[in-house]
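Notes for the one structure printed next.
The values are calculated or read from the model by the stated rules, or taken from the named source; none is laboratory data. All of these numbers come straight from a predicted model, not from anything done at the bench. Here Cβ is always computed from backbone atoms with ideal geometry, including for glycine, and neighbour counts include all displayed protein chains. Quick note on the areas: whole protein, heavy atoms, side chains included, nothing else; ligands and nucleic acids left out. Shrake-Rupley method; radii C 1.70, N 1.55, O 1.52, S 1.80 Å.
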Amino acid sequence: MNFITPIENISGIGSAYQKRLKNLKIKTLGDLLYNFPRDYKDFSKISKIKNIRINEINSISGKIISIEEEKSPHKRMSLTKCLIEDDSASLEVIWFNQPYMTKSLKAGDEVMLSGKVNINRYSVQMVSPTFEKISLKETIHTGRIVPIYSETKGITSKWIRYVLRPILDKIKSKIPETLPEEIIKKYNLLTLPDAIEKIHFPDKTEGVVEAQRRFVFEQLFLISLLNMKKRDELKKEEAPAIPINLPVIKRFINSLPFTLTPAQKKCSWQAMKDMERNFPMNRLLQGDVGSGKTVVSAIAAINTVKAKRQVVLMAPTEILTKQHFKTFFNLLKNFNINIGLLTGKEDIYYSKKLRSDTIEISRKKLLEKTEKGEIDILIGTQALITQTKTKENKVKFNDLGLIIIDEQHRFGVKQRATLSPKKKIAHLLSMTATPIPRTLTLTIWGDLDLSIIDTLPKGRKKIKTEIITEEKKAYSLIEKEIKKGRQAFVICPRIESDEDESSLLKSVKDEHEKLSKIIFPKLRIEMLHGKMKPKEKDKIMKDFKNKKFDVLVSTSVVEVGIDVPNATVMMIEGADRFGLAQLHQFRGRVGRGKDQSYCFLLTESKSKTTIERMKAMVKYDSGFKLSEIDLRLRGPGDFMGKRQWGMPDFVMSSLNNLEIIREARNASEDVYPISNDRLKKRLEAFEEKLHLE
Ligand code: ADP
Ligand code: MG
């Protein structure tokens, strides 16, 4: 038996169970061993019966005096009643609808039971406990820390423990180590056999922690190695070298209505320096909301176009692509550059032809022009540009030099290659406002080079942020601001209210009704949420930008990048529901114009963590600082899809442990370039698994 032994070949797992395991995506012995518990129950403290605690889970150990099944006549329900005794007292135990209990347990058996003890009018009872006969061997279901697994129909945690224990006993000594020995020693990690043993059957809580540390370390170590490998592989690819055209860049910078910040200059320079080389740039431009990333990308773009190569700019939503089109159009209008905007549903396409205004042309024409190289910069959503199915709608470039991506991190080499027809891979500049702490970025996105815009342009007014428990104050300020001609956002955590417990949360629909009927009957109020059609959403956003109404009530869909300089109030209902990075993004929607802006955080929560988080919003206006705080207080859930690397939850939640991230990264540097064959194979398998997911 080894890790790739199919479960069919494991004795003790019948065909019905094989099917059910496959539903849990467990196909091999390795899958079974790596199916880690999602939780643990601590049954390790055995109580004397006379000391049991009511309304709590207790573990007891004793002898069965009697056990029998009772049928209740009116309800079709069976009841198993049992009396158990230890050297201190006896206790009644009941199970519902488990008629086989009387077959499993007999009077005289020595058993261990773990379960909740209830008290009612007649007696004290232990209800439906987990049970286990005591033999000489150690227990696995009771009287210890017991693993709880994700269950599916027909597969219980108890069953998994039951099959796993003998398998582990049999193969534990043969489990091959997957990490290099020197790394295990240097970083003081559990060996793989020990880690697998302790993650399933820990002797004490610390055992779980040690085992998890080993697996987290390994996962981060492999991710880091993979990124180093990707980085080296990309260096072997060829890219069009793009010379830096200083006269044009200078003319462009002089044409701007503002002076670039030193950080913007540094980042533009880093990008252009990368693109001078004949292998592909792979750069992440990280900068807070409003830090001015667009103009940096425009500099890279104009330099590319003047070297007679094309540029594509992709953003996640159509609203954003339109905004980018407008910005690029304004910035580059005196530079003889053709910009195309490819839009989705409505089949309308614009092109800026030299100095004239925008004109509409058909999609067909736009694609033809792109293929001929007459469009210098094409802007569209990533979906539209890379995933168009039909042949005649496929975007083809004549000679692509630069790919700019806004707010999307992953764009693989293969995707890049399909856009670049001439066997050269286009340069990539990826932009994000997601403020991830640097240590994390270096590991998780370690294949990318980092450019950070760490200062906001001068003269920005700090947004006044306030925590409030009632709306009144915010409403009166909204009214005042709107009288001055400004606009306001109101964010709610939900679209509509429903019956479940979370109905306490403010919903967009209710809030919209309340505001337009009761609070501000004279104002113009609209709403926006994810269930609306893209066309509707676009129209609402456009109308808001064009000041056609005063207050926008929205869900978090408004989060990404939308620019409404006239809006000065951001009010966030249920603010504790959101991560700090996200709140910071919301807040970044205002304060984009010259007027003083305000942000109200509404929360009724009294939790210490919540208050600490909200206070951080008031104190700090740096996204990096806030994300660090959030990472510490809440873990990383906010800025990363949980399933991004098929990581178990505990790996995700340990990403707030910067120490282990640093160690894993150091370890990957210790062994790179990899000479150990076993590690090479392990990394290949890891990569393959990532691609499958
Ligand atoms: P983000 O980094 O969020 O994408 P943008 O590129 O949209 O930010 O820039 C936000 C605003 O700041 C824009 O209106 C832009 O014109 C302006 N801006 C950019 N750079 C500067 C600067 N150096 N000085 C003043 N304003 C700037
Ligand atoms: Mg932007």
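Things worth noting here:
- Answer from Lys106, Lys133 - the residue that is modelled with pLDDT of 90 or more, more than 30 Å from Ser675 (Cα to Cα) and open to solvent by 20 Å² or more (accessible area, probe 1.4 Å): Lys106
- So Lys345, is it open to solvent by 10 Å² or more (accessible area, probe 1.4 Å), at negative phi, at pLDDT below 80 and under 29 Å from the mean Cα position of the chain (by Cα): yes
- In the set Ser123, Ser173, only one residue is closer than 16 Å to Glu56 by Cα and among the small types (Gly, Ala, Ser); that residue is Ser123.
- Residues satisfying the stated conditions in the stretch 427-462, i.e. within 14 Å of ligand 1 (Cβ to nearest atom) and hydrophobic (A, V, I, L, M, F, W, C): Leu429, Met431, Ala433, Ile452, Ile453, Leu456
- Pairs with Cβ under 6 Å, 6+ apart, first in the stretch 370-385 and among the aliphatic types (A, V, I, L, M), second in a helix (DSSP H, G or I): Ile375/Lys369; Ile377/Ala301; Leu378/Thr370; Ile379/Thr321; Ile379/His324; Ile379/Phe325
- Identity of the residue in the stretch 208-223, free of Cβ contacts under 8 Å to residues at least 24 places away in the same chain and touching a helix residue (DSSP H, G or I) at 6+ places or on another chain (Cβ under 7 Å), that ends up least open to solvent (accessible area, probe 1.4 Å): Ala211
- Gly143 vs. criteria in a loop (DSSP other than H, G, I, E, B), touching a Ser or Thr at 6+ places or on another chain (Cβ under 8 Å), over 30 Å from Thr28 (Cβ atoms) and open to solvent by less than 50 Å² (accessible area, probe 1.4 Å): yes
- Selection of the stretch 585-634 for residues being surrounded by fewer than 23 Cβ atoms within 10 Å (Cβ to Cβ), out of contact with any strand residue (DSSP E or B) (no Cβ under 8 Å at 6 or more places or on another chain), over 23 Å from Ile453 (Cβ atoms) and among the basic types (Lys, Arg) yields Lys606, Lys608, Arg632, Arg634.
- Scanning the stretch 541-572 for residues that are within 16 Å of ligand 2 (Cβ to nearest atom), farther than 19 Å from His584 by Cβ and of a type in the set (Asp, Glu) yields a total of 0.
- Cβ-Cβ distances below 6 Å connect the following pairs, each with a first residue in the stretch 302-328 that is farther than 20 Å from Gln415 by Cα, a second residue that is of a type in the set (Asp, Glu), and a separation of six or more residues or different chains: Val305/Asp376; Ile319/Asp538; Gln323/Asp563.
- Qualifying helices (runs of 4 or more DSSP H) (wholly inside the stretch 171-279; at least 3 residues being among the aromatic types (Phe, Trp, Tyr)): 205-235
Residue by residue, here is whether (1) in contact (Cβ under 8 Å) with a residue 40 or more places away in the chain; (2) over 30 Å from Thr205 (Cα atoms); (3) over 46 Å from the mean Cα position of the chain (by Cα); (4) not in a strand (DSSP E or B) holds:
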{"site": "Phe36", "(1), (2), (3), (4)": "yes, no, no, yes"}
{"site": "Lys41", "(1), (2), (3), (4)": "yes, no, no, no"}
{"site": "Arg53", "(1), (2), (3), (4)": "yes, no, no, yes"}
{"site": "Gly62", "(1), (2), (3), (4)": "yes, no, yes, no"}
{"site": "Glu68", "(1), (2), (3), (4)": "no, yes, yes, no"}
{"site": "Leu91", "(1), (2), (3), (4)": "yes, no, yes, no"}
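- For the stretch 105-119, the condition holds for no residue, the condition being that it is without any contact (Cβ under 8 Å) to a residue 24 or more places away in the chain and either touching a Ser or Thr at 6+ places or on another chain (Cβ under 6 Å) or not aliphatic (A, V, I, L, M) (or both).
- Number of the condition not met by Lys545 [criteria: (1) within 16 Å of ligand 1 (Cβ to nearest atom); (2) in contact with a Lys or Arg (Cβ under 8 Å, 6 or more places away or on another chain); (3) not hydrophobic (A, V, I, L, M, F, W, C)]: (2)
- In the stretch 291-309, of all residues being away from ligand 1 (no atom under 13 Å from the Cβ) and open to solvent by 10 Å² or more (accessible area, probe 1.4 Å), the one that is farthest from Leu341 (Cα to Cα) corresponds to Ala307.
- Strands (runs of 3 or more DSSP E) (entirely within the stretch 370-452) containing at least 3 residues that are at pLDDT below 90 and open to solvent by 10 Å² or more (accessible area, probe 1.4 Å): none
- Out of Asp87, Asp31, Asp39, sole residue that is within 18 Å of Ile140 (Cβ to Cβ) and open to solvent by 30 Å² or more (accessible area, probe 1.4 Å): Asp39
- When residues in the stretch 305-324 are screened for being at pLDDT 90 or above, within 16 Å of ligand 2 (Cβ to nearest atom) and assigned to a helix (DSSP H, G or I), 1 of them pass.
- Some residue of the stretch 407-414 being within 16 Å of ligand 2 (Cβ to nearest atom) and among the charged types (D, E, K, R): yes
- Screening Ser11 on (1) part of a loop (DSSP other than H, G, I, E, B); (2) more than 47 Å from the chain's Cα centre (by Cα) shows it passes everything except condition (2).
- Checked against (1) within 16 Å of ligand 2 (Cβ to nearest atom); (2) at pLDDT below 80; (3) under 18 Å from Lys326 (Cα atoms), Leu354 passes all but condition (1).
- Of all residues making up the stretch 224-253, the number that are crowded, with 22+ Cβ neighbours inside 10 Å and under 26 Å from Pro180 (Cα atoms): 2
- Residues in the stretch 275-304 that are out of contact with any strand residue (DSSP E or B) (no Cβ under 6 Å at 6 or more places or on another chain) and away from ligand 2 (no atom under 16 Å from the Cβ) were compared, and the one that is nearest to Gly588 (Cα to Cα) is Ile302.
- On the stretch given as the stretch 548-567, residues that are crowded, with 19+ Cβ neighbours inside 10 Å, more than 15 Å from ligand 1 (Cβ to nearest atom) and at pLDDT 90 or above total 5.
- Odd one out for Glu318 among (1) open to solvent by less than 10 Å² (accessible area, probe 1.4 Å); (2) within 30 Å of Gly623 (Cβ to Cβ): (1)
- Filter result for the condition that a residue is surrounded by fewer than 18 Cβ atoms within 10 Å (Cβ to Cβ), modelled with pLDDT under 85 and not hydroxyl-bearing (Ser, Thr, Tyr), over Glu501, Glu470: Glu501
- Residue within the stretch 310-325 that is outside the structural domain of Arg589 (by TED's automatic domain parsing), within 16 Å of ligand 1 (Cβ to nearest atom) and farther than 22 Å from Leu419 by Cα present: yes
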